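Single-structure report; data block below.
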Amino acid sequence: MSASADFWRTQLDGYDLERGLVLPVDRHRLSNNERSGRAWVGQFSFDDDLSHSFLSFASSHNVTPFQLGLATFYAYLFKLTGGQQDLCIGSINANRYRAELRDMIGMFVATLPYRVQLDPSGSFEQLVGQVRDRCLSILEHSHYPLQHIIGSHHAPAFLETMFDFITIESNVEQVNLGGAMLQSVALEQSDSIAKFDMMVTFVHSQSIGISCSLVCSQDLFDDTTVQLMTDRFSCLLHHLFNSALFATEKQPLCQLSLILPHEQLLINVMKNNDNRRSPSTDQTISQLFYEKVSSYSQKVAVDLDEQSLT
């Protein structure tokens, strides 16, 4: 246990557990005790091409879908927070750190802090490798209790932003357990309750594909903000895992964009309008001023009290 204590102490060294992420909230909570539990939910599904690219990337880079999903979430938070580089969030860990626990029936899951320090000039590919190494190191010490990790901090801020990746096996319709046939049943999980400020969940099923949901507290966010954040996350995933994948993965994180297509179109239109209105660059400021005066000689130039000059 002493080795695990040292590990977690090193992992969180220099990080302020009371400092939360700078999310684009619409309002602030006056007190942590004031929680309505109401949620806004944003959802989207991967199309076939995006699912194939996502899983192919994971396979070719020797990472699990969980690790790749977590890396995309870090990249998203980096852009969403305006460039916050030291990111710490909570995630649910299977906590089966020993081989004999992997097939054992029971609930072993634990909530753990996942901290990563981003290099804005580094590539997404480098971030994926960094996240993979971090996840593997955490796995070895996942048995260490959360209350010992956070120490005297009653409600550390990193627990307000959560990530999870759920994989649904397609071949577990029936299970033979000691001669008894067990049949799986669908369990509906309500997303209408906000346990955290923000929780991002990926769900992967071989029969259905991959989907993603953002569950955000109504105490902090408007529904329009949550939908906008959902659209931006979907846009980033398409940007990372499109047909030009191997060019994108080398791109520095600081060059990734959360701008939506219609916003980019508007920006391009405004740039074109500015270019058409731009004066000739070979004119001095005094020449430009004289040109405007000649064109609008009767317009008011100075206005003070009840006096004005053209």
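A residue that is within 22 Å of Cys212 (Cα to Cα), at pLDDT 90 or above and part of a strand (DSSP E or B) can be found somewhere in region 23-39.
Between Phe158, Phe124, Phe196, the distinction of being under 21 Å from the mean Cα position of the chain (by Cα) and at pLDDT below 85 belongs to Phe158 only. Scanning region 136-166 for residues being buried (at least 20 other Cβ atoms within 10 Å of the Cβ) and part of a helix (DSSP H, G or I) gives a total of 5. Might you check whether a residue that is in a helix (DSSP H, G or I), in contact with a strand residue (DSSP E or B) (Cβ under 7 Å, 6 or more places away or on another chain) and over 26 Å from Asp222 (Cβ atoms) occurs anywhere in region 73-82? For region 73-82, residues in a helix (DSSP H, G or I), in contact with a strand residue (DSSP E or B) (Cβ under 7 Å, 6 or more places away or on another chain) and over 26 Å from Asp222 (Cβ atoms): absent.
If you go through region 175-184 and keep only what is loosely packed, with under 10 Cβ neighbours inside 10 Å and either modelled with pLDDT of 70 or more or in a strand (DSSP E or B) (or both), you end up with Asn176, Leu177, Ala180, Met181, Gln183.
Which of the following residues is charged (D, E, K, R), surrounded by 15 or more Cβ atoms within 10 Å (Cβ to Cβ) and out of contact with any Gly (no Cβ under 9 Å at 6 or more places or on another chain): Arg29, Arg19? Break it down into steps so the answer makes sense when it comes.
Values: Arg19 fails: surrounded by 15 or more Cβ atoms within 10 Å (Cβ to Cβ).
Only one candidate passes the filter, namely Arg29.
Taking first residues from region 210-225 that are assigned to a loop (DSSP other than H, G, I, E, B) and partners that are surrounded by fewer than 21 Cβ atoms within 10 Å (Cβ to Cβ), the Cβ contacts under 6 Å between residues at least 6 apart in sequence or on separate chains come to Gln218/Arg38; Asp219/Arg29; Asp219/Ser36; Leu220/Val25; Phe221/Asp26; Asp222/Asp26.
A single entry from Ser59, Ser53 fulfils the requirement of being among the hydroxyl-bearing types (Ser, Thr, Tyr), in contact (Cβ under 8 Å) with a residue 40 or more places away in the chain and in a helix (DSSP H, G or I): Ser53. Every test in (1) polar (S, T, N, Q); (2) within 30 Å of Phe196 (Cβ to Cβ); (3) at pLDDT below 85 is passed by Thr225 save one, and that test is (3). Among the residues of region 114-135, those that are part of a helix (DSSP H, G or I) and not basic (Lys, Arg) comprise Phe124, Glu125, Gln126, Leu127, Val128, Gly129, Gln130, Val131, Asp133, Cys135. Against the conditions (1) over 19 Å from Leu258 (Cβ atoms); (2) at pLDDT below 95, Gly82 satisfies every one except (1).
Among the residues examined, Glu249 qualifies as on the phi < 0 side of the Ramachandran plot, at pLDDT below 80 and assigned by TED's automatic domain parsing to the domain that holds Ser123.
Table: residues versus (1) β-branched (Val, Ile, Thr); (2) assigned to a helix (DSSP H, G or I); (3) surrounded by 10 or more Cβ atoms within 10 Å (Cβ to Cβ); (4) modelled with pLDDT under 75.
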| residue | (1), (2), (3), (4) |
| --- | --- |
| Asn268 | no, yes, yes, no |
| Asn272 | no, yes, yes, no |
| Ser280 | no, no, no, yes |
| Phe289 | no, yes, yes, yes |
| Ser297 | no, no, no, yes |
| Val300 | yes, no, no, yes |
| Ser308 | no, no, yes, yes |
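The values are calculated or read from the model by the stated rules, or taken from the named source; none is laboratory data. Just so it is clear, the model here is predicted, and its values are computed rather than measured. Backbone-built Cβ (ideal geometry, glycine too); neighbour counts: all protein chains shown.
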